[in-house]
């Protein structure tokens with residue numbers, strides 16, 4: 001298993017650590033508008049594997065960068081249909 005590259009700086013958030021810049025931006029937006037939830041698969045393990053997918057959430061760099069511009073429906077579709085398949089593939093490798 002690849003050790004991965006760190007793609008962010010970890011910041012404390014409650015009882016967990018949120019590491020990627022996209023998640024920090026989401027948290028800032030949620031603090032201003034807490035009634036609008038933003039779905040994210042981020043688990044704070046923001047390192048890229050040899051295929052340039054995040055080892056934590058399995059998103060590509062393009063998906064991570066564009067996450068805040070995606071509609072909620074697009075985010076949910078990726079989380080429901082695409083990312084689980086990438087997790088299965090990663091376990092097989």
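The values are calculated or read from the model by the stated rules, or taken from the named source; none is laboratory data. All of these numbers come straight from a predicted model, not from anything done at the bench. Reconstructed Cβ throughout: ideal geometry from the backbone, glycine too, with neighbour counts over all protein chains shown.
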| task | Could you grab me the full set of residues in region 43-93 that are under 12 Å from the mean Cα position of the chain (by Cα) and part of a helix (DSSP H, G or I)? | result | 61, 62, 63, 64, 65, 66, 67, 68, 75, 78, 79, 83
| query | If you go through region 37-47 one residue at a time, do you hit one that is surrounded by fewer than 16 Cβ atoms within 10 Å (Cβ to Cβ), modelled with pLDDT under 80 and out of contact with any helix residue (DSSP H, G or I) (no Cβ under 7 Å at 6 or more places or on another chain)? | reply | yes
